[in-house]
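Novice: Before anything else, here's the structure in question.
The values are calculated or read from the model by the stated rules, or taken from the named source; none is laboratory data. Not measured: the values here are computed from a predicted model. Positions of Cβ are backbone-derived with ideal geometry, glycine not excepted, and every protein chain shown enters the neighbour counts.
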Amino acid sequence: MSSPSSPTRGRPARLDQARTIQTALGLLNESGLDALTMRRLADAMGVQAGALYRYFATKQDLLTAMAERMVGGVADAAGPTGDDWSERAARLARALRKALLAHRDGARVFAGTHSTGPNTLGFADSLVGVLRETGFGDEEAARALYAVVNFTVGHTLEEQAALRPGDGGTTDAGVLHEAVATGAYPHLAATLPVLTSTDFTAHFEFGLRLLLDGLRAVRR
């Protein structure tokens, strides 16, 4: 027996927005953002490409909906209001990174969208709320939101780019190592083990700590 959303006896498949987004995320995880097209998505769903435009006028609209789905539940990561504000803010940043890492090219999808859905706005409201409740002014809280999001998304973009399946050639770390080793860069050579490290969590936590320490100084 066929499911309600599968084609049967020549009838077109029934579409719904939630299933379309879920299928698109599956294709993203399978082949990456560059291979995700409206035609390929339509083929995966057993419909004509034009049918997708009922819900998404453009591919950008689809990507925005995908980004919104990715960050579901991230707003809840702050934890109890009695905890230290900087730790609550850090939890939100970590949760955003984790959500983007859960999908291939997740940061690329999120970076190119400006969702006003409840998941995205809920995350932003949680972070701004943490800051305002601890004494930051409205302007400071708003700019801090941008700083935390831009750092987290930017870091995750670089992280996923470094981990993206390559063409069998030299890795980015290998290229950097060779360039430094054959040039006159003594300071880079001394720090090369860290510069070429793939411990991205350590890189992220160091940058996040610097950012939060800076916000702590602003608050004082």
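Novice: Would you mind stating whether Ala179 is in a helix (DSSP H, G or I), free of Cβ contacts under 8 Å to residues at least 40 places away in the same chain and outside the structural domain of Ala24 (by TED's automatic domain parsing)?
Specialist: The answer is yes for Ala179.
Novice: Additional query: When you scan segment 68-150 for helices (runs of 4 or more DSSP H) that lie fully inside it, which ones turn up with 3 or more residues that are more than 20 Å from Ala162 (Cβ to Cβ)?
Specialist: In segment 68-150, the matching helices (runs of 4 or more DSSP H) lie at 85-101, 118-133.
Novice: Can I ask one more? Anything in segment 182-204 that is part of a helix (DSSP H, G or I) and free of Cβ contacts under 8 Å to residues at least 40 places away in the same chain? List them, or say none.
Specialist: Pro186, His187, Leu188, Ala189, Ala190, Leu192, Pro193, Val194, Leu195, Thr201, Ala202, listed by residue number.
Novice: Moving on. If you go through segment 133-146 one residue at a time, how many are loosely packed, with under 14 Cβ neighbours inside 10 Å and on the phi < 0 side of the Ramachandran plot? Spell out how you get there, then give the answer.
Specialist: So the first thing to find is which residues in segment 133-146 are loosely packed, with under 14 Cβ neighbours inside 10 Å, and the list is 133, 135, 137-139, 146.
Of the ones still in play, those that are also on the phi < 0 side of the Ramachandran plot are 133, 137-139, 146.
Result for segment 133-146: 5.
Novice: Report, ordered by the first and then the second residue, all pairs with beta carbons closer than 9 Å, sequence separation of six or more or different chains, a first member in segment 142-158 that is under 15 Å from Gly207 (Cβ atoms), and a second member that is among the basic types (Lys, Arg).
Specialist: Going by the 9 Å Cβ cut-off, the qualifying pairs are Thr152/Arg94; Thr152/Arg97; Val153/Arg97; His155/Arg97; Thr156/Arg97; Leu157/Arg108.
Novice: Also: Give segment 43-74 a look and list any residue that's more than 20 Å from the chain's Cα centre (by Cα) and touching a residue at least 24 places away in the same chain (Cβ under 8 Å), or say none.
Specialist: Met45, Gly46, Val47, Gln48, Ala51, Leu52, Arg54, Tyr55, Phe56
Novice: Answer yes or no as to whether Ala77 is under 18 Å from the mean Cα position of the chain (by Cα) and surrounded by 19 or more Cβ atoms within 10 Å (Cβ to Cβ).
Specialist: Judged against the criteria, Ala77 is a match.
Novice: Next question. Within segment 171-186, does at least one residue satisfy the condition of being at pLDDT below 95, more than 30 Å from Gly32 (Cα to Cα) and surrounded by 14 or more Cβ atoms within 10 Å (Cβ to Cβ)?
Specialist: yes
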